[in-house]
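The values are calculated or read from the model by the stated rules, or taken from the named source; none is laboratory data. From a predicted model like this one, the values you see are computed outputs, not experimental measurements. Keep in mind that these areas ignore ligands, DNA and RNA; they rest on the heavy atoms of the full protein, side chains included. Shrake-Rupley method; radii C 1.70, N 1.55, O 1.52, S 1.80 Å.
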Amino acid sequence: ESGVSGLDDCELGAMCWNVDADTAEGTCVALCEGSPATPMCAPAGTACSISNGGVLTVCLPLCNPLADECGEGNGCYPVGEVFQCAPDASGAVGEPGDSCSFINSCDAGSGCVTPALVPCSGGSSGCCSSFCGLDGDASECLDGQECVPWFEMGEEPDMCLDGVGICALPA
């Protein structure tokens, strides 16, 4: 009946995710296993994403925000220490410089960061800013921003993410 009815035809241990409002069709994704202290995901290439006060615990694909790997209608967003594919919920807003409230309320290729990093329109708890490659130019950044590392040196969870940066105003 709806994407939040709780009714789906996914196997036990999975739920219907990213349900299209028009067709009421989504994709089955595994639920996290283990305990709240040590959540785990069985499918390779996924990690446990816990949201909505711990009520929603799903295994979402890992990704690199500099690569277009998540498919149409999705983006690669920071979730804890990793990046995961999640539905792009930005709608008509979500461009760099727009205000945001949630990790996926920015367009794909951007993240919701503290307003101190971005020349931002509107008062908000966050502002959208582009992810950028540390080894390239900062052409995707807004005027006045530069590409700075997302992770502290040696703290990236995966070596493939060592070149990921975020456009930010100079400190």
(request) Keeping the other protein chains in place, figure out the carbon and sulfur percent of the accessible area of the stretch 24-65, with a 1.4 Å probe. (result) 59 percent
(request) Determine the share of the stretch 72-164's accessible area contributed by carbon and sulfur atoms, expressed in whole percent, with a 1.4 angstrom probe. (result) 51 percent
(message) For a test of the definition: using alpha carbon positions, the gyration tensor, and the 1.5 limit on a/c, classify the stretch 40-106 as rounded, prolate or oblate.
(response) oblate
(request) Can you bin the stretch 1-77 into rounded, prolate or oblate? Criterion: square roots of the alpha carbon gyration tensor eigenvalues sorted a ≥ b ≥ c, rounded for a/c under 1.5, prolate for a/b above b/c, oblate for the rest. (result) oblate
(request) Could you work out the equivalent-ellipsoid semi-axes for the chain, taking the square root of 5 times each eigenvalue of the Cα gyration tensor, largest first, in whole Å? (result) 29, 19, 14
(request) Write down the accessible area per residue of the stretch 1-54 in Å², having rolled a 1.4 Å probe over the full set of protein chains. (result) 72 Å²
(message) Let me make sure I get this right: for the stretch 83-171, a, b and c are the square roots of the gyration tensor eigenvalues over alpha carbons, sorted descending. Under 1.5 in a/c it's rounded, otherwise prolate if a/b > b/c, else oblate. Which is it?
(response) oblate
(request) Please calculate how many Å² of accessible area the stretch 96-171 carries per residue, with a 1.4 Å probe and no DNA, RNA or ligand atoms counted. (result) 52 Å²
